[in-house]
Amino acid sequence: MKRCDLKLYRGYANKNELVVFGHVVKKYPSGDRKYTRSGFRYARTIIELFSIKTIPFLKVTLHVGNATYETRAEADGYFRFQVPFQEAMASGWHTYEVTVDDEWNGKKYHAQSTEEFFLPYKTSYGLISDIDDTFLISHSRRSFKKLFLLLSKNVQARKPFDDVVKHYQLLSFASRTHPQKDSNVFFYVSSSEWNLYDMIVRFSQLNGLPKAVMKLKKIKSGLDDFVMTGGGSHEHKLRKIHNIINFYPELQFILLGDDSQKDPEIYEEICRTFTGNIRAVYMRQTRKRNKPHTTILLKQIQDMGIETCYFAHSNKAILHSLEHGLVFQTPAEPAVAEEVKEIVSKAIS
């Protein structure tokens, strides 16, 4: 029997359906320690992630609660379940299991793995955020510098923007009835590829960012593709955000992005399509030359009756969230409340 691995990603559910997804791969680099290596050893880790070989067309079985579902992996090893799901479960994170026990090209494969999915609270917001240059400093407009950073800086050396973690932590309390940590469903939607999923998860954990469902770009399986990481069309982001909002028509969404690539255009189109579903749009300013165009698009969003905030520093975004009632000035967790008071006092002084 041939070895294979199941790389599963966090999924999400509503009161009627469950969505989970993953890849079938020949061998997935294991162990969290690889993301804290330094020098050439860390560069080799990233290169290994972009050298993953997928296995196509295997039958994949999902087990969740008392239900079982089957599908078949696509040509690039990707599989996705969107299945009926009406089991009585509390809001929050829950476990699902996927197995492979199938033959392809004369070889028998077997694998089993588990992951989690999120069922939102009734009073929660939905948060949709870009990654590169929205909360993770990436220099995504400068391809060579972005590649150098990706290869030379491990997750401990990579940095989030100042105060962005505090803003996201506050947004995790942004219940429409009462503050409760992690009551909101976060989606990190990016043009980074699935190859970088574990790196982004590890970075988020190390820096205290809210636990999120990720929607990334088609997996790559060669070094030629690696050179163009994060590039190309951003249409997949528009499509995936559409799917998320359609999946949760009862939620109000807060969108977070930056002006380094196509977020302003994508978010303006999302707001025109789902005007009643969008509560606010936050846009980080990364380049002065992008300001006039981005300002015009944000004004168009404001004219739809949607709050916007264009900021270079996250403390401005935090104050906007407080002033417009998106978050509570005194969240339930004392440590976060103290940080909020400190940010407010610095901004006022």
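The values are calculated or read from the model by the stated rules, or taken from the named source; none is laboratory data. All of these numbers come straight from a predicted model, not from anything done at the bench. Note: ideal-geometry Cβ built from the backbone for every residue, glycine included; neighbour counts use all protein chains shown. Areas reflect the complete protein model, heavy atoms only, side chains present, ligands, DNA and RNA absent. Shrake-Rupley method; radii C 1.70, N 1.55, O 1.52, S 1.80 Å.
Projecting the Cα atoms of Ser192, Ser91, Ile137 onto the dipole axis of region 68-200, where Lys and Arg carry +1 and Asp and Glu carry -1 at the beta carbon, places Ile137 farthest toward the positive end. The relative contact order of region 64-194 comes to 23 percent, based on Cα pairs under 8 Å that sit 6 or more residues apart.
For Glu17, the residues 5 or more places off, or on other chains, whose built amide H falls under 5 Å of its own are Phe85.
Find the relative contact order for the chain and round it to a whole percent, using C-alpha pairs within less than 8 Å whose residues are 6+ positions apart. Show your work: numbers first, answer last.
Numbers: 680 pairs, mean separation 56.5, N = 349.
Relative contact order, the chain: 16 percent.
Computed about the Cα centre, the dipole magnitude for the chain is approximately 1200 debye when only Lys and Arg (+1) and Asp and Glu (-1) carry charge, each at its Cβ.
Considering only protein heavy atoms and a 1.4 Å probe, what is the carbon-and-sulfur percentage of the accessible area of the chain?
Numbers: 7740 of 15740 Å².
It is 49 percent, rounded to a whole number.
In region 128-211, the ratio of gyration radius to Kirkwood radius, Rg to Rh, stands at 1.00 when only Cα atoms are counted. Ranking Thr45, Val64, Tyr28 by how far each Cα lies toward the positive end of the dipole of the chain (charges on Cβ) leaves Thr45 at the top. Computed from phi, the 3J(HN,Hα) profile of region 190-200 under the Karplus parametrisation 6.51, -1.76, 1.60 (θ = phi - 60°) reads 9, 8, 5, 8, 4, 4, 9, 4, 5, 5, 5 Hz, with x in place of Gly and Pro. In the full protein context, the chain carries 45 Å² of accessible surface per residue, based on a 1.4 Å probe and ignoring ligands, DNA and RNA. Would you please classify the overall shape of region 30-74 from the alpha carbon gyration tensor, given that a ≥ b ≥ c denote the square roots of the eigenvalues, rounded means a/c under 1.5, and beyond that prolate means a/b larger than b/c while oblate covers the rest? It comes out oblate by the Cα gyration axes.
Of the Cα atoms belonging to the chain, the radius of gyration and Dmax stand at 20.4, 71 Å.
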